[in-house]
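The values are calculated or read from the model by the stated rules, or taken from the named source; none is laboratory data. Please read all numbers here as calculations on a predicted model, not as lab measurements. Cβ coordinates were reconstructed from backbone atoms using ideal geometry, including for glycine residues, and neighbour counts include every protein chain displayed.
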Amino acid sequence: MIKSKMKILLLMLLILTTALVGCSTKNTEESGADAGQTEKTITVSWPRDIGTMNPHVYNPSQLIAQSMIYEPLVSYKDGGKVEPQLAESWTISEDGKEYTFSLRQNIKFSDGTAFNATVAKKNFDAIMLNVENHSWLGFIGVLDKTEAVDEYTFKLTLKQPYYPTLQELTVIRPVRFLGEAGFPEDGDTSKGVKEPVGTGPWMLTDYKTDEYAEFTRNPNYWGEQPKVDKIVIKIIPDGETRVLAFEKGELDLIYGEGIISMDAYKQLEASGEYETSLSEPIATRQLVLNTTNEALADLKVRQALQHGFNKQAMVEGVTSGLEEKADSLLSQNFPYAQTDVIPAEYDVEKAKAYLDEAGWKLPDGKTVREKDGKPLELELIYEKAEQVQKPMAETLQAEWAAIGVKLNITGLELTEQVKRFRANDFDLYFFSNYGAPYDPHSFIHIVAEKGFGISDALSKLPMKQELDQQVQEALLSVDEKKREELYGAIQTTLHEQAALLPISYIKKTVVYNKKISGFEFPANRDENPFSSIDIEQ
Amino acid sequence: MGSYIGKRLLAVIPIFLFATLLTFLLIHVSPVDPAEAYLTAAHIQPTDELLAQKRHEFGLDRPLIVQYTQTLMKMCRLDFGTSYVSNEPVWQEVALRMPATIQLAFSSICLAVFISVPIGFLAALYKNSVFDHLSRLLAYFGASIPQFWLGYLLIYFFSVKLDLFPVQGRGSLAHLVLPSITLALGLIAIYSRLLRASVLEQLQEPYVLYARTRGIKEKLIMSKHVLKIAISPMLTGLGMNMGKLLAGTIIVEEVFSWPGFGRYFIEAIFNRDIPVIQSYVFLAACLFIVCNLIVDLLQMFMDPRISWKGSTDH
């Protein structure tokens, strides 16, 4: 009896399994049929839902998706060159306060309405309604008024000259343009937009929260049409799953920063079945030495630490070559980056000599140097969850122990780490700058401006006041040559003072299957790379 | 019976109060400042002035007990506040993602029950047979394997290698298979062993011997008497394992990109989105309490001795 019951049960299980497998096969057939049509689709993944497609808001909206729909007046290209986008040309008044843009005349939003100075002004009005949300962007803080001079002339007037204005106009948000149809009745977009109407090459055509977003080519696009018809962004929060989905063929391309583990990238690269590449440096990983610490206030100690570890080996070893050793605070692809920096070489003897000179002597029988009876002990705080910081912290701990410096390393949650950084409650800290298009001006800005952590950490530099003044002048100067000089001086001081140690240049990664061609990393860190790529059917 | 139900319902209130108080306190002792979390999420540079203003707005400058009562009153009206990140009402965000999580949890429980009942029952009947040993092996495996790893293994073999199921996402029935199995395996391990032990215990009872001597068919004894009583501890297990299931959905949703509430919760933790975290813990506590209540009541119907005990105690 029981045996027959078992048979029935087994039979049921068999039917169930067959049904499920049947479903799955049917499903793949369906999607296969979709792909077989003439439409070219590229499927990519992103770790988070794209959020609301409003050009004037921040998190949780994702930059990559906002940049597909909305366009800026001017765009950021390699080496920090600013090129025309919605504006075909511009003039800057002598005093550096008035920016007048001639807008292109053939531009239409995805709903067919025209882009002109009136719409541009309406967008800026919406942004200025919530100016406190956007004042992190320097030029918004000094923006006096905006005008639609005529149908295709748009003018920005600043309260004071601010040279990075053009560069800041290339950012993804909030200075991109929404079509008339997207505005709510009261014009305040901070509470939401009616529909995501932009001038960009893509339109959002299908979207399911936390699942996917489908973008279709905008038929009204004024520029060169993208080569594929559709981009599907699947939301996959987990890096390993992303790699598995890619290996199975559910994804064509994986693009981003730290979006898959370094091991996974190396493995995919080694398989030889896919194309992989690294971008130009997007930011510099650096170590902040807090000059308000008694020991670190001494230049000699800072120099000793700088010479006391093998940077090349550390960067190679920890990042498997995915990052590049950095000798200067700004990499060469940034505007005003210094080219003639003399790298601080790895030299243990030199490091020891510096410490001796500074009065930190190694007592007999001890491993940690002392001065006036106090041991040379420092604390490095790092982010627990980040894959690079911890092994780097451990390397530094071992390397500096050899020169008689005791380094305590403390892993913290990101929020706690940032909090301590801002409160100037640390000895050493891993920092990375903002990248293009925000740098170099945002970087020098926080060198001078209090409240971000860096300025406070540098406060005991003997020439700090002079440094701050140079920063102010550089940001206000309308004279390109003078600005170049100032940037040079600022970088020289920072390099010589060794309170900000460049460690490595961070790079973006991309992995894609061999059917894809024409991939190029965008110069703007936050921009999407989808316009130039093509896929073989 | 009525008084028993009433008593159980009354007992829910202090448990509920304790759970919410604990959540509230835990959030308050954590080093995260909600005002700062809000400003950071909104991309606003936190200045002392703005922080003070936000703290006042959130009522963080009031005594803890006042804050707690207010939070509680709001929660009872299902008002969980507004997400710091999306600026949408939390309840709306939760409601959007709840169906996916419920679907996953439900299918896993069904799978767990459908698989563990026959396994546990047969393992008891054929004690020490090959089947019993195999079922034990499955139980060890299911109880000890970390869910995220199992998830990756299943994806690797059944999706990438054999191409039977999609790697991630939600949509068709096929999408549901691997996440459900991942979530169910741990439960199968527990339930099948629970049922086996319980069936073996029942088989020793005099009523089975008596039934056998009366010449009642073995099949009837097993299905009508033994299984019905033996399944009771499994029901308790089911209620108690709701926590495991909830924690499981968080991991499984992350691994399989399942668009549910667990994944949203993880994101909220990273964003320090306190209203969302609070609502998650609140709902989890409610779910626990309600599930335990339902299981207790179910057991009462299946084994009336329980409610007798409840009333004879007094």
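Brief remarks follow.
- Number of positions in the stretch A:355-374 that are within 10 Å of residue A:405 (Cα to Cα) and surrounded by fewer than 16 Cβ atoms within 10 Å (Cβ to Cβ): 2
- From the list B:167, B:177, the one residue that fits, being closer than 17 Å to residue B:110 by Cα, touching a residue at least 12 places away in the same chain (Cβ under 8 Å) and facing chain A (nearest Cβ under 10 Å), is B:177.
- Of the numbered criteria (1) in contact with a Phe, Trp or Tyr (Cβ under 7 Å, 6 or more places away or on another chain); (2) within 14 Å of chain A (Cβ to nearest Cβ); (3) farther than 30 Å from residue B:257 by Cα; (4) among the β-branched types (Val, Ile, Thr), the one residue B:71 fails is (2).
Yes or no, residue by residue, for (1) over 29 Å from residue A:239 (Cβ atoms); (2) in contact with a helix residue (DSSP H, G or I) (Cβ under 6 Å, 6 or more places away or on another chain); (3) free of Cβ contacts under 8 Å to residues at least 12 places away in the same chain:
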site	(1), (2), (3)
A:48	no, no, no
A:51	no, no, no
A:56	yes, yes, no
A:65	no, no, no
A:68	no, no, no
A:79	yes, no, no
A:88	yes, no, no
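- Residue A:466, sole failed condition from (1) more than 23 Å from the chain's Cα centre (by Cα); (2) under 28 Å from residue A:377 (Cβ atoms): (2)
- Qualifying positions in the stretch A:501-522 - closer than 21 Å to residue A:258 by Cα and of a type outside the set (Ser, Thr, Tyr): A:502, A:503, A:506, A:507, A:508, A:510, A:511, A:513, A:519, A:520, A:521, A:522
- Note on the stretch B:232-278: among residues that are small (Gly, Ala, Ser) and surrounded by 21 or more Cβ atoms within 10 Å (Cβ to Cβ), the one that is nearest to residue A:244 (Cα to Cα) is B:257.
- Looking only at residues of the stretch A:402-417 that are crowded, with 18+ Cβ neighbours inside 10 Å and under 20 Å from the mean Cα position of the chain (by Cα), we find that the one that is modelled with the highest pLDDT is A:417.
- Qualifying positions in the stretch B:251-281 - more than 11 Å from every other protein chain (Cβ to nearest Cβ) and within 13 Å of the chain's Cα centre (by Cα): B:280, B:281
- Where a residue in the stretch A:121-148 is more than 14 Å from chain B (Cβ to nearest Cβ) and over 17 Å from residue A:449 (Cα atoms) and its partner, wherever it lies, is surrounded by fewer than 15 Cβ atoms within 10 Å (Cβ to Cβ) and among the basic types (Lys, Arg), with Cβ under 7 Å and at least six apart: A:144/A:159
- Applying the set (1) closer than 26 Å to residue B:29 by Cβ; (2) within 14 Å of chain A (Cβ to nearest Cβ) to residue B:243 leaves exactly one unmet item: (2).
- Of residues in the stretch A:93-104 being farther than 15 Å from residue A:72 by Cα and out of contact with any Leu (no Cβ under 8 Å at 6 or more places or on another chain), the one surrounded by the fewest Cβ atoms within 10 Å (Cβ to Cβ): A:94
- For the stretch A:245-260, filtered to residues that are charged (D, E, K, R) and within 9 Å of chain B (Cβ to nearest Cβ), the residue that is farthest from residue B:156 (Cα to Cα) is A:250.
- Residue match in the stretch A:220-227 (condition: outside any loop (DSSP other than H, G, I, E, B) and buried (at least 21 other Cβ atoms within 10 Å of the Cβ)): no
- Taking the stretch B:161-184 as the range and being closer than 26 Å to residue B:143 by Cβ and over 25 Å from the mean Cα position of the chain (by Cα) as the test, the residues that pass are B:161, B:162, B:164, B:165.
- Residues located in the stretch B:74-91, provided they are away from chain A (no Cβ under 11 Å), out of contact with any Phe, Trp or Tyr (no Cβ under 6 Å at 6 or more places or on another chain) and without any contact (Cβ under 8 Å) to a residue 24 or more places away in the chain: B:74, B:76, B:77, B:79, B:89
- Residues satisfying the stated conditions in the stretch A:133-161, i.e. closer than 26 Å to residue A:487 by Cβ and under 23 Å from the mean Cα position of the chain (by Cα): A:134, A:135, A:136, A:137, A:138, A:139, A:140, A:141
Residues are listed down the side, and each one gets a yes or a no for (1) modelled with pLDDT of 95 or more; (2) closer than 30 Å to residue A:281 by Cα:
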residue	(1), (2)
A:80	no, yes
A:96	no, no
A:101	yes, no
A:105	no, no
A:112	no, no
A:127	no, no
A:130	no, no
A:133	no, yes
A:139	no, yes
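- Here the stretch B:185-212 is the region considered, the condition is being of a type in the set (S, T, N, Q) and part of a helix (DSSP H, G or I), and the residue that is nearest to residue B:140 (Cα to Cα) is B:192.
- Count of the stretch B:154-209 residues which are among the polar types (S, T, N, Q) and in contact with a Pro (Cβ under 6 Å, 6 or more places away or on another chain): 1
- Total residues in the stretch A:289-334 satisfying the condition of being touching a Pro at 6+ places or on another chain (Cβ under 7 Å) and aliphatic (A, V, I, L, M): the figure is 4.
- Residue that is nearest to residue B:186 (Cα to Cα), among those in the stretch B:219-231 that are in contact with an Asp or Glu (Cβ under 9 Å, 6 or more places away or on another chain) and buried (at least 19 other Cβ atoms within 10 Å of the Cβ): B:230
- Given (1) surrounded by 15 or more Cβ atoms within 10 Å (Cβ to Cβ); (2) outside any helix (DSSP H, G or I); (3) away from chain A (no Cβ under 12 Å), number of the condition residue B:215 does not satisfy: (1)
- Number of the exception - residue A:149 against (1) closer than 19 Å to residue A:478 by Cβ; (2) among the hydrophobic types (A, V, I, L, M, F, W, C); (3) part of a strand (DSSP E or B): (1)
- Qualifying residue in the stretch A:298-313 (condition: more than 14 Å from chain B (Cβ to nearest Cβ), surrounded by fewer than 23 Cβ atoms within 10 Å (Cβ to Cβ), under 16 Å from residue A:509 (Cβ atoms) and small (Gly, Ala, Ser)): no
- So residue A:349, is it in contact (Cβ under 8 Å) with a residue 24 or more places away in the chain and more than 30 Å from residue A:163 (Cα to Cα): no
- Condition check for residue A:196: within 14 Å of another protein chain (Cβ to nearest Cβ), outside any strand (DSSP E or B) and either at pLDDT 90 or above or crowded, with 19+ Cβ neighbours inside 10 Å (or both): no
- Test for residue A:244: is it free of Cβ contacts under 8 Å to residues at least 24 places away in the same chain and assigned to a helix (DSSP H, G or I): yes
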